[in-house]
Structure formats: C-alpha cells, structure tokens
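The values are calculated or read from the model by the stated rules, or taken from the named source; none is laboratory data. Predicted, not measured: the structure shown is a model, and the values here were computed from it. Note that we place each Cβ from the backbone using ideal geometry, even for glycine, and neighbour counts take in every protein chain shown. SASA here: full protein model, heavy atoms, side chains in, ligands and nucleic acids out. Shrake-Rupley method; radii C 1.70, N 1.55, O 1.52, S 1.80 Å.
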Amino acid sequence: MGTACTYCGSDVERHDPVYVTEGENDSADRARKFCNYACLSEYIDDENLTAGSACEWNPQS
Ligand SMILES: [Zn+2]
C-alpha cells in the first residue's frame, strides 16, 4: 500500500513526502507526490518544467 512517488515510484509515505498540486481546484489525489525535494527537483529537470516562463512553476508558494 502507500502512495507511489511520481518520479521514482517508491512509496512516498516511507520518506518525507512532498505534494504538488497544479491549481486551486486540484484534489489531493490528482497531486503529484514525491519522496522528497530531491525527487521533485529531478522530476522538474526531466520534464523541463523550469524551461520557459509560461510555466509559472513555483514550488515555494
Ligand atoms: Zn521518489
């Protein structure tokens, strides 16, 4: 059981999970889930989510 990391597929609840939603209307089960910020940043790198200002990706908010 548990929730799989969006990036690496590990059970995030065994780590220090980070949940990322894309908008105010996103429900928790649509959120992206990561083991930790390392997986989150790797995922962002892989998806090139930081490329282009149109994305407005801001995990700090
Ligand atoms: Zn992970």
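Quick one: what pairs do we get from the stretch 8-19, first residue open to solvent by 50 Å² or more (accessible area, probe 1.4 Å) and aromatic (Phe, Trp, Tyr), second more than 10 Å from the ligand (Cβ to nearest atom) and modelled with pLDDT under 90, C-beta under 8 Å, 6+ apart or different chains?
That search, which allows pairs on different chains as well, returns TYR19/ALA28; TYR19/ALA31; TYR19/ARG32.
In the stretch 30-57, what count of residues is obtained for those that are modelled with pLDDT under 65 and open to solvent by 60 Å² or more (accessible area, probe 1.4 Å)? It would help to see each step written out before you state the result.
The initial filter retains those residues of the stretch 30-57 that are modelled with pLDDT under 65, namely 49-57.
Restricting the remaining residues to those that are open to solvent by 60 Å² or more (accessible area, probe 1.4 Å) gives 50-51, 53-57.
Adding up the residues that qualify gives 7.
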